[in-house]
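Single-structure report; data block below.
Quick note: the coordinates plus some simple rules give every number you see, no bench work behind them. Everything numeric in this text was worked out from a predicted model, so none of it was measured. Neighbour counts are summed over all protein chains in view; Cβ atoms, including those assigned to glycine, are modelled from backbone coordinates with ideal geometry.
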Amino acid sequence: MCLSDTHTHLHLDQYKEDLPRVLERAERGKISRILTLGTDLSSSLDSVKLANRFQNIYAAVGIHPTDVNHFSSGDVSEIKKLAKNEEKVVAIGEIGLDLYWQEVPLSNQLIILGKMIDLADELSLPVVVHNREAQQDMQDFFDKYNVKSLKGVMHSFSGNSKDAQFYLNRDLNISFTGVITFKNFKNHSLVKSIPLDRLLLETDSPFLAPEPYRGKRNEPAYVKYVAKQLSEIFHISLKEICQKTFTNAHQLFRW
């Protein structure tokens, strides 16, 4: 039984002292594929370095909406070089929209999101999309940008069933974090509405640690708790959830 963690940020300082031990625990837990994502040019470079250093880590490169204020005109071309020339770069991400912090004007976020989508299309890479409190704005972007089909994943999904269907209709996958293990998470019907062949697992490490580690630093080994919760929601075996989500991730990221 193999697992994949399709969303981490292992370049962050939270892993500065013990990343090898974190990865050892992941290996013991049979997590054989881990995607670590950049949020700007600097962290994208760091993510690529990690992917080249560790066999089971792969990288995504991109500009996160909350990092748009630090964007410079040459960043897109540099990210393109990374994505084009580095063998272990398998996606453009983390990209998207974020209206929670309200620190970056939506208009600026939309410009960079468009550039990142164009880059992914040019390089035939999937996207990893962040969407926080911007459901309608994201859907308006898709409509205005005429996005009919997009290879990628809506990560840490937090919309409703109607929102999910919007993205499923455009060929995107849906991924859930440890939030679905929290005692106050009640929207099991949303989770169950996602077809098994469009479902991915993630931790969003170091954030959103699942029960029984809620409030602590997250790490890839904990993706098994997300898988276990999904098996209970879908009323199927843990082995089947692991196999399906691993296959889905393999098909999307080609790793």
Residue-span extension gain [R254 to N85] - 0.36 nm each, minus C-alpha spacing: 59.2 nm
Label-point gap, in nm, between N187 and E24 - each point 7 angstrom along Cα→Cβ: 3.9 nm
Eligible aspartates and glutamates near K162 by straight Cα distance, threshold 19 Å, same-chain separation 8 or greater: E133, D137, D140, D143, D171, D197
Over the chain: helical MRE at 222 nm, DSSP H runs n ≥ 4 each giving -39500 (n - 2.57), nearest 500: -12500 deg cm²/dmol
Two-decimal ratio, the chain, of alpha-carbon radius of gyration to 2.2 N^0.38 Å: 0.93
Set K144/K192; K183/K216; K30/K84; K80/K115 screened for pairs whose C-alpha atoms are more than 18 Å apart: K144/K192; K30/K84
Inter-label distance for D121 and E78, nm, one decimal - labels placed 7 Å from Cα along Cα-to-Cβ: 2.6 nm
FRET efficiency, 1/(1 + (r/R0)^6) with R0 30 Å, evaluated for D197 and D137 via beta carbons: 0.60
Pair K228, N69: separation of 7 Å Cα→Cβ label points (nm): 4.0 nm
